[in-house]
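One structure is given here, and the rest of the page talks about it.
Read-outs: derived from the displayed coordinates by stated rules, not from any lab. The shown structure was predicted, so the numbers you read here are calculated from the model rather than taken from an experiment. Quick reminder, even Gly has a Cβ in these numbers, built from the backbone with ideal geometry, and neighbours come from all protein chains shown.
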Amino acid sequence: MVRLGVNVDHVATLRQARGEHYPSVADAAKESLFAGADQITIHLREDRRHIQDYDVPAVKQVTKEHNKLFNLEIGLDKQIVDIAIDIKPDWVCIVPEKREEKTTEGGLDLKNADTLLRLQEAMELIKKNAPKTKISLFVEADEAVLNHCIELKVDAVEIHTGEYAKVYLEDGDISLFIEKFKKAKTQIESAAIGFHAGHGLTDESLKPLCENKLFAEYNIGHWIISDSIFCGINKSIEKLLRVMGRI
Ligand code: PXP
């Protein structure tokens, strides 16, 4: 069964825009799980531009009550890694993080020796202090990068689909992306590592990925929250579950 992770960061973006206590991130998580999501994803950024520290235990509690998964996205900042260790989510997804970016831009640069070293240190800390927490790395579908992921013995990779989704939206040729994802799937699944995807996906750009049975899990946020303005979060999630062949 293909899983859907709902990223509720943009509910926090709306809340932070006015500095109010609403809309509630925890309630958005609850609604998403009621609608059939398998997992809630949030990204605690160093600059705290959307998700705040208090959202992290609140979302964990909601996922626990619904017996669903909690995926915490983190950068390689020591303070954030410590928070993840303290919270012990079901999954941490380690992502690159730049202050000036609008959203995560591309996967971790594992070809960079410094990034690789910092990543190894963070992974060791998480494995030692939160051994039940699974680790995924947000990366590009690049053979050398994926070989690093295999050597690092990660539990899953989350492939960056941002460029693919952009080309899809602009009616471009997606065939090269599909071939690249197929190759990456073979490489990763032969090492018994989970093959996840996320970033920039919409109900439309999700279709070819599902038709080609590429990924075991999709983490989607911006499109869901945008579409839910017009029809509610339940209906937006329903649309994705339908594309995924779940309903
Ligand atoms: N996966 C990762 C690793 C991300 O950083 C994001 C964006 O926070 C998403 C998935 C969800 O992307 P989007 O909001 O574009 O659907």
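Using the Kirkwood radius built from alpha carbon pairs, what does the Stokes-Einstein equation give as D for the range 155-220 at 10 °C and 1.306 mPa s, in µm² per second? Can you show the working numbers first?
Numbers: Rh = 11.8 Å.
Translational D for this selection: 134 µm²/s.
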- Message: At 222 nm, what value in deg cm²/dmol follows for the chain if DSSP H runs of at least 4 each add -39500 (n - 2.57) and the sum is divided by all its residues, to the nearest 500?
- Response: -14500 deg cm²/dmol
- Item | Amide H contacts under 5 Å for ARG3, placed H, 5+ residues apart | GLU217, TYR218
- Task: Give me CYS93, CYS231, CYS210 ranked fewest to most by other Cβ atoms within 10 Å of their Cβ, as a rough exposure proxy.
- Result: CYS231, CYS210, CYS93
- Query: Once you wrap a convex hull around the alpha carbon atoms of the range 200-247, what is its projected area averaged over all directions, in nm²?
  - Reply: 3.1 nm²
- Using only the alpha-carbon atoms of the range 25-143, report the extent along each of the three principal axes, biggest first, to the nearest angstrom. 42, 33, 28
- Message: Suppose each label sits 7 Å from its Cα in the direction of the beta carbon; what would the LYS132-ASN112 distance come out to in nanometres?
- Response: 3.5 nm
- Message: So if I average 1/r over every pair of distinct C-alpha atoms in the range 42-85 and take the inverse, what Kirkwood radius in Å does that give?
- Response: 10.9 Å
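Starting from the Kirkwood radius over alpha-carbon pairs of the chain, derive D by Stokes-Einstein at 25 °C in a medium of 0.890 mPa s and give it in µm² s⁻¹.
The Stokes-Einstein estimate is 136 µm²/s.
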- Message: Full-extension gain between ARG48 and ASN147, please, as 0.36 nm times their residue separation minus the C-alpha to C-alpha distance.
- Response: 32.4 nm
- Task: Could you pull out every residue, at least 5 positions away or on a different chain, whose amide H is within less than 5 Å of the one on ASN212? Hs are placed 1.01 Å off N in the peptide plane, and Pro or chain starts have none.
- Result: none
- Message: At 10 °C and a viscosity of 1.306 mPa s, what translational diffusion coefficient does Stokes-Einstein give for the range 87-136, taking Rh as the Kirkwood radius over Cα pairs? Give it in µm²/s as a whole number.
- Response: 132 µm²/s
- Task: May I ask you to give the average projected area over all directions of the convex hull of the Cα atoms of the range 1-91, in nm² rounded to one decimal?
- Result: 5.7 nm²
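In nm, what is the difference between 0.36 nm times the number of residues separating ASN212 and LYS180 and their Cα-Cα distance? Could you put the intermediate results ahead of the total?
Working: separation 32, 0.36 × 32 = 11.52 nm, distance 1.21 nm.
Stretched fully, the ASN212-LYS180 segment lengthens by 10.3 nm.
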- What percent does the relative contact order of the range 166-232 come to when contacts are Cα pairs within less than 8 Å and at least six residues apart? 31 percent
- For the range 100-226, alpha-carbon Rg over 2.2 N^0.38 Å: 1.07
